[in-house]
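J.: What follows is a structure written as structure tokens; I'll ask about it next.
Each reported figure results from applying straightforward, stated rules to the coordinates on display, with no laboratory input. None of the values given here were measured: they were computed from a predicted structure. Here Cβ is always computed from backbone atoms with ideal geometry, including for glycine, and neighbour counts include all displayed protein chains.
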Amino acid sequence: MQKIKPNGLKQVLGMKQVLAIAIAAISPTTSIFLVYGAGLSSAGTGVFWAFLIGACIAISMAFCYAELGSVFPGAGGAYTIVYRSLGKPFGFITALLFLVLGVVITASILVAAATYLNSLVPSIPVNWAAVVMMILVTWFSLERIGATSWVAMVMLIVELVVIFVFIIMTFVHSHHPISFILTPTTVNAHNHYEGVGITGLLAAVVPALFAFNGYDWPLYFAEETREPRRVLPRAVMTAVLASIVIEVLAVTSATLAIPSLPYAISSSAPLTYIAQSSAGHIGATILIIGVIIAMFDTGLSGNLAYARIYLDTARDKSWPTPINRLFSSINRHNVPKWGFVFLGAGNVILCYFTSLNNLITFTGVMIVVIYLLIALSAIVNRLKNRASNPSFRMPLWPFPPIIAIGGVILALTQQAMGDLIKTAAIVLVAVVYWFAYLRMKKVDESPCP
């Protein structure tokens, strides 16, 4: 029998469905084809080491998410965790970061998908194709979550076949020995080979973290999942381990299959170049079709969580009353309808006006700031509730949150100043909004003595 939460959400999802949503949101295929070029240009063959460093941080973060998600299951996911652990001001910073991410990430991914589609059919305009994809994503998102999760699962199977074919194909057509990736090497402006320092490696860590991101997605369906305190931690850990294994293998095989490092680094689509050299034009075309399907699936799976975050913020009365009513509205399919309409409108605008990958590093910085807040929450919650016994307790405490915090801070020091300033501006707006509106509203609404 389906249990219905007081807010109208139904507990209809099991382990397979939330895991499918998580891996589809991570989307190893989409992730590699989106960020490999940025990692290669920053770290050269050291992109392999950047992904290993990112994997250590991702596993540490997954432990934090899994434990905290078993303690604070809610549709807000990371927002709920930070709100309950660090307090309302930090919770609202997280909420505002997600509000921006919701109308940025999906658009970026769909523009990338439309760009690959345009490479196959040049007569299809990139931005209009992305707009149509976003309309389809919104339509699927407004349907019942059970049916939508099965759509995501079917497309996930297609994209996993694509990425494994790519891995096998590039390993078979490897041009270099394993030592090629063990010693980080890049090409300077004069096309001379040179070593890559720690600065270059750390600069590529944030794109790697962006590639792994999504393993926390099961937490946003806590109120629609049966036995969430047991299922969600397992789904988080399974998703992060699967993404790490697949993506590290893909990065390794792709880098070893590079015919010419100078050409790959200067290419705007190095993986397309590598695929064409390994599989020929027809093989690369089939691969790109799979990549387009994978990116659409990622856009759909990612989009599903954001409206649920907005729902949770609305229930906490984080916005002016009309916006709270908007985000908390549930349709006949038991999904937050106006949250998806807001996401659809915002992403359609960006799909029409944005260009491929111009927001990837910016979104990566916002994501790792959220990671920092989650890792801090893991420490604070454990210290505040030492006697509690959650259904999942991270091993090797306190090393996972410490590793995550150290890795995130080091990675942030190597990011573009413009991205850091934009993210800092969002945090500042959140702080000002909290003190100027939410805090004063709380005082006004408190009962008179």
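J.: In nm², what is the average projected area of the convex hull enclosing the Cα atoms of region 60-203?
T.: So the Cα hull casts an average projection of 14.2 nm².
J.: Please give the helix 47-71 orientation as an angle from the longest Cα principal axis of the chain, in degrees from 0 to 90, rounded to the nearest 10.
T.: 20 degrees
J.: How much space per residue, in cubic angstrom, does the convex hull of the C-alpha atoms of the chain take up? The partial results should precede the final answer.
T.: On the way: hull volume 64.6 nm³, N = 449.
Enclosed volume per residue, from the Cα hull, is 144 Å³.
J.: Quick one: how many lysine pairs does the chain have with C-alpha atoms less than 17 Å apart and a gap of 8 or more or different chains? Give me the count, please.
T.: Value for the chain: 8.
J.: Is there a quick way to get the dipole size of the chain? I mean about its Cα centre, with the Cβ of Lys and Arg at +1 and of Asp and Glu at -1; what is the value in debye to the nearest 20? Present the calculation step by step, with values, prior to reporting the outcome.
T.: Values: 25 positive and 15 negative charges, 326 e Å.
Charge dipole, the chain, about its Cα centre: 1560 debye, nearest 20.
J.: Can you list the residues, at least 5 places off or on another chain, whose amide H is less than 5 Å from the amide H of residue 330, using H built in the peptide plane?
T.: Excluding prolines and chain starts, which carry no amide H, the hits are 337.
J.: Also, I was wondering about something else. May I ask you to work out the translational diffusion coefficient for region 128-260 at 37 °C, viscosity 0.692 mPa s, via Stokes-Einstein with Rh from the Kirkwood sum over Cα pairs, reported in whole µm²/s? Please report the intermediate quantities before stating the final value.
T.: Values: Rh = 18.3 Å.
Answer, rounded: 180 µm²/s.
J.: Can you tell me the FRET efficiency between residue 353 and residue 388 if r is taken as the Cβ-Cβ distance and R0 is 45 Å, rounded to the nearest 0.05? Intermediate values should be presented prior to the final figure.
T.: On the way: r = 48 Å, r/R0 = 1.06.
Given R0 = 45 Å and the Cβ-Cβ separation, E is 0.40.
J.: Now, a different point. In degrees from 0 to 90, rounded to the nearest 10, what is the angle of the helix 360-384 Cα long axis to the longest principal axis of the chain?
T.: 50 degrees
J.: Want the number for residue 229 to residue 194: 0.36 nm per residue separation, take away the alpha-carbon distance, what's left?
T.: Gain on extension, residue 229 to residue 194, equals 7.6 nm.
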